[in-house]
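S.K.: Handing you a structure now.
The values are calculated or read from the model by the stated rules, or taken from the named source; none is laboratory data. For clarity, every value in this text was computed on a predicted model and none was experimentally measured. Reconstructed Cβ throughout: ideal geometry from the backbone, glycine too, with neighbour counts over all protein chains shown. Each accessible area value is taken on the protein alone, full model and side chains, heavy atoms only, with ligands, DNA and RNA left out. Shrake-Rupley method; radii C 1.70, N 1.55, O 1.52, S 1.80 Å.
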Amino acid sequence: MPTEIYLVKVGMTMHEGTVEEWYVADGERVEAGAMLYRLETEKVNLDVDAEASGIVRHLAAEGDTLEPGDVVGFIYADGETIPDVLPRPKPKRDIAVVGEEPASPRPVQAKPAASGARVAASPAARRLARERGVSLEGVAGSGPGGRIVEGDVPAAPPAPEPPKRIAASPAARKLAAELNVDLATVDGSGPRGRITREDVQAAAEAPAPAQPSAGTATRMSAMRRTIAERMHSSLRDTAQLTIDMEVDVTDLVKLRGNLIDEWAEDGVRVTYTDLVIVAAARALIRHPKMNACLSDDAITSYDYAHVGVAVALDEGLIVPVIRDAHEKPLREVARESADLASRARAGSLGLGDLTGGTFTVTSLGMFGVDTFTPILNPPQAGILGVGRIYDGVKWHDGTPVRTPMLRLSLTWDHRVLDGAPAAEFLAAVREYLEQPYRLLV
């Protein structure tokens, strides 16, 4: 019997995933442990390894979206008869969840794998190692049974930088070899600029670049589709209101400038968003009605502040979470938020980085935006928008004085709390930002 290839389940909340790319072409051989296909989900992407060696047959095509446990292909052992028409077995709905590194308060360092032996590593660790150009051989893993997890990768020794990989489907690579077409000269029309078989055929028939069409339709990615669905349901299913408040950031600007100089040697550069995150986290503990979520008919308030920070990517918005932001020093929050943003843009966030938030902070100030209406990230009760710093005016003894000002925009769910406690929370955030020394103690 062939080994079935399943659409793996990443996290308990995953409902569907897309076979973004097959790394092994239909009919080619794969070795156990080698990368088999790339899975695209609403939160993270994941490289799936082969569980056995043999000939790979695709049941699902690239771009197909299925449910976890659906069979996407088979691996036929050497000598096993491969039918012309592939069977379509029943899905396996009790498939195990992957992609979440198990929590371990005291990681146990295992011995590094011997040279040439299969390295036991999580998909997230393999992806991060590939992106950073490091070898996993000789790395001691802290996961179960000595498995290398994502956190072990940064300490790995650097490996020779591989040649830049051209994104192209297996069928496109095969046709390019037959037609003697250099893939480096081909513009891809697939998702994220991936080269398709049709692109290669067009390049072979018409070497001159084609004129761009008036409009191009592209398939929505799983992330973009999920964002569209969640934003629509957020506006449809919640009672959202937004209030604005001006903040005098005279002292905040001075403090940030001093901290940038003081922490420069350590590579820590605090941003205004970092300062707002700490201010919001501390205000959330003082105003637990805002630090809450609504589930069915119950409102749950939290005694900790896990603050999500919106990061803009080409594919859409992603919100990694700074846990216990109310307890962490500003310096640590600045370092952690920079690391999360960097890993978000590199596509190396784990599922644990994206879950558990109790409140969200999002900023458009860097784009020159004064104020906007952020949309709630359900089931959270609030989200805080940060605008740009602009020249405002304050009156001192009848004289106008130019003053740096910042506008905060708070959207909250009126089903969870009313306007008065929402305004009190926003005023508390303003209080911290206008007396920013309090963020350092």
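S.K.: Which net charge results for the neighbourhood of ARG323, defined as the other residues with beta-carbon distances under 12 angstrom from its beta-carbon, given Lys and Arg at +1 and Asp and Glu at -1?
M.R.: Working: positive: LYS328; negative: ASP324, GLU327, GLU332, GLU336, ASP353.
Taking every other residue near ARG323 into account, the sum is -4.
S.K.: Still on this structure, I have one more. Would region 271-312 count as rounded, prolate or oblate if I go by the C-alpha gyration tensor, calling it rounded below 1.5 in a/c and otherwise prolate when a/b exceeds b/c, oblate otherwise?
M.R.: Values: a/c = 3.68, a/b = 1.70, b/c = 2.16.
Since a/c reaches 1.5 but b/c is at least a/b, the shape of region 271-312 is classed as oblate.
S.K.: Also: Please report the net charge: other residues with Cβ closer than 10 Å to the Cβ of ALA428, K and R +1, D and E -1. Can you show the working numbers first?
M.R.: Values: positive: ARG282, ARG286, ARG430; negative: GLU424, GLU431.
Neighbour charge sum, excluding ALA428 itself: +1.
S.K.: Where a ≥ b ≥ c are the square roots of the eigenvalues of the C-alpha gyration tensor, would you call region 18-104 rounded, which needs a/c under 1.5, or, failing that, prolate if a/b is larger than b/c, or oblate?
M.R.: Details: a/c = 1.73, a/b = 1.50, b/c = 1.15.
The shape class here is prolate.
S.K.: Let me ask something else. Can you compute the helix-only [θ] at 222 nm over the chain? Use -39500 (n - 2.57) per DSSP H run of at least 4 residues, normalise by all residues, nearest 500 deg cm²/dmol. Before the final figure, lay out the partial values.
M.R.: On the way: 8 runs with 107 residues, N = 441.
The helix contribution divided over the chain gives -7500 deg cm²/dmol.
S.K.: Beta carbons within 10 angstrom, averaged per residue: use that to sort the peptides 194-201, 181-188, highest first. Intermediate values should be presented prior to the final figure.
M.R.: Numbers: 194-201: 19.5, 181-188: 13.9.
Ranked by mean Cβ neighbours within 10 Å, highest first: 194-201, 181-188.
S.K.: Round to a whole angstrom and tell me the spacing of the C-alpha centers of region 213-275 and region 401-421.
M.R.: Answer, in whole Å: 15.
S.K.: Compute the accessible area per residue over region 286-371, keeping the other protein chains in place, probe 1.4 Å, unit Å². Let's see the in-between values first.
M.R.: Values: 3980 Å² over 86 residues.
It amounts to 46 Å² per residue over region 286-371.
S.K.: Turning to a different aspect of this structure: Which option, (i) 40, 26, 23; (ii) 35, 30, 20; (iii) 45, 25, 23, is the value of semi-axes √(5λ) of the Cα gyration tensor in Å that was calculated from these coordinates?
M.R.: (iii)
S.K.: Would you work out which of GLY419, LEU340, ILE383 lies farthest towards the positive end of the dipole of region 321-441? Charges go on Cβ: Lys and Arg +1, Asp and Glu -1.
M.R.: Toward the positive end, the furthest listed residue is LEU340.
S.K.: Among 234-241, 33-40, how do they line up by average Cβ neighbours within 10 Å per residue, starting with the highest?
M.R.: Ranking the peptides 234-241, 33-40 by packing returns 33-40, 234-241.
S.K.: Using Cα pairs closer than 8 Å and at least 6 residues apart in sequence, work out the relative contact order for region 291-441, in percent. Walk me through the intermediate numbers first.
M.R.: Details: 251 pairs, mean separation 30.5, N = 151.
Computed over region 291-441, the figure is 20 percent.
S.K.: Oh, and also: Provide the per residue accessible area, probe 1.4 Å, for region 1-45, rounded to a whole number of square angstrom. It would help to have the intermediate numbers written out before the result.
M.R.: On the way: 1810 Å² over 45 residues.
So region 1-45 comes to 40 Å² accessible per residue, rounded to a whole number.
S.K.: Let me ask something additional. Keeping all protein chains in place and using 1.4 angstrom, which order do PHE367, PHE372, PHE425 fall into by accessible surface area, from largest down? Walk me through the numbers before you get to the answer.
M.R.: Working: PHE367 145, PHE372 35, PHE425 0 Å².
Largest accessible area first, the list is PHE367, PHE372, PHE425.
S.K.: Does region 257-400 come out rounded, prolate or oblate by the C-alpha gyration tensor, with a ≥ b ≥ c the root eigenvalues, rounded set by a/c under 1.5 and, if not, prolate when a/b is larger than b/c and oblate if not? Don't jump to the answer; show the numbers that get you there.
M.R.: Numbers: a/c = 1.56, a/b = 1.20, b/c = 1.30.
Oblate.
S.K.: Follow-up. Taking the Cβ of ALA292 as the centre, find all other residues whose Cβ is under 15 Å away and add up their charges (Lys, Arg: +1; Asp, Glu: -1). Walk me through the intermediate numbers first.
M.R.: Numbers: positive: ARG286, LYS289, ARG415; negative: ASP296, ASP297, ASP303, ASP413, ASP418, GLU424.
It works out to a net charge of -3.
S.K.: Quick check for me: using +1 on Lys/Arg Cβ and -1 on Asp/Glu Cβ, what's the dipole size of region 35-92 about its Cα centre, in debye to the nearest 20?
M.R.: It comes to approximately 160 debye.
S.K.: Now a separate question. Evaluate the charge dipole of region 198-320 about its Cα centre and quote only its size in Debye, nearest 20, assuming +1 on the Cβ of each Lys and Arg and -1 on the Cβ of each Asp and Glu.
M.R.: Details: 11 positive and 19 negative charges, 70 e Å.
It comes to approximately 340 debye.
S.K.: Tally up the carbon and sulfur contribution to the accessible surface of the chain as a whole percent, 1.4 Å probe, everything protein left in place.
M.R.: Details: 12070 of 23020 Å².
C and S atoms contribute 52 percent here.
S.K.: Here is a further query. Considering only the chain, what is the antiparallel percent among its DSSP beta bridges, to the nearest 5? Don't jump to the answer; show the numbers that get you there.
M.R.: Details: 53 of 64 bridges.
Roughly 85 percent of the DSSP beta bridges within the chain come out antiparallel.
S.K.: Oh, and also: What angle, in degrees between 0 and 90 and rounded to the nearest 10, separates the Cα long axis of helix 250-263 from the longest principal axis of the Cα atoms of the chain?
M.R.: 50
S.K.: Here's something else I'd like to know. Cβ neighbours within 10 Å, averaged per peptide: list 47-58, 254-265, 355-366 in order, most packed at the top. Write out the running numbers ahead of the final one.
M.R.: Values: 47-58: 18.3, 254-265: 13.3, 355-366: 21.0.
Listed from highest to lowest mean packing, they are 355-366, 47-58, 254-265.
S.K.: Continuing with this model, one more query. With an 8 Å Cα cut-off and a minimum separation of 6 or more residues, compute the relative contact order for the chain in percent.
M.R.: Working: 858 pairs, mean separation 57.3, N = 441.
13 percent.
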